[in-house]
Amino acid sequence: MIRTSKVKFLKVHSIGITSTLQIGDAEELVLKGKILAVQRYLSLFFGNEGSLNQEDFQLYRQPIPQLLPETGVSSAFFNEIPAIRVRAVKVTGISTSSVVQVGSTRRIISDSRVKHIRKLPPRNSQ
């Protein structure tokens with residue numbers, strides 16, 4: 001039996017990179033993000049910042065471990081009340097490769113890979 005979700009009030013402040021606010025049911029959600037961030041202690045721009053190749057980093061080439069297939073566990077549910085009622089949902093932020101959903105989803109695939117490079121000043125300059 002499918003249940004209906006009823007939300008009176010939903011407020012989301014911000015939705016980030018490769019994230020989703022899903023209202024309603026979905027068969028499948030696929031959320032993937034590959035982020036390469038370079039942070040410098042000084043605001044210097046050399047003009048070639050976008051030329052970094054993500055595939056040069058092992059993080060982006062490694063395979064994601066997969067879950068084992070379902071083992072055929074049988075279950076039964078009885079929902080006495082056919083609706084899920086919520087007065088209010090307040091979300092500060094939905095970040096990389098994530099989802100906030102009002103409804104149901106059969107399958108969610110989510111993958112977020114972040115490589116953050118920080119270029120700090122030399123220790124002797126402090």
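Read the figures in this text as sums done on the coordinates, not as results from a lab. Every value quoted in this text rests on a predicted model; they were computed, and no experiment measured them. Don't worry about glycine lacking a Cβ; one is built from the backbone with ideal geometry, like all the others, and counts go over all protein chains shown.
The table below gives the values:
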quantity: Residue match in the range 68-79 (condition: under 22 Å from ARG3 (Cα atoms), of a type outside the set (A, V, I, L, M, F, W, C) and free of Cβ contacts under 8 Å to residues at least 40 places away in the same chain); calculated: yes
quantity: Residue within the range 20-37 that is touching a Gly at 6+ places or on another chain (Cβ under 8 Å) and surrounded by fewer than 11 Cβ atoms within 10 Å (Cβ to Cβ) present; calculated: yes
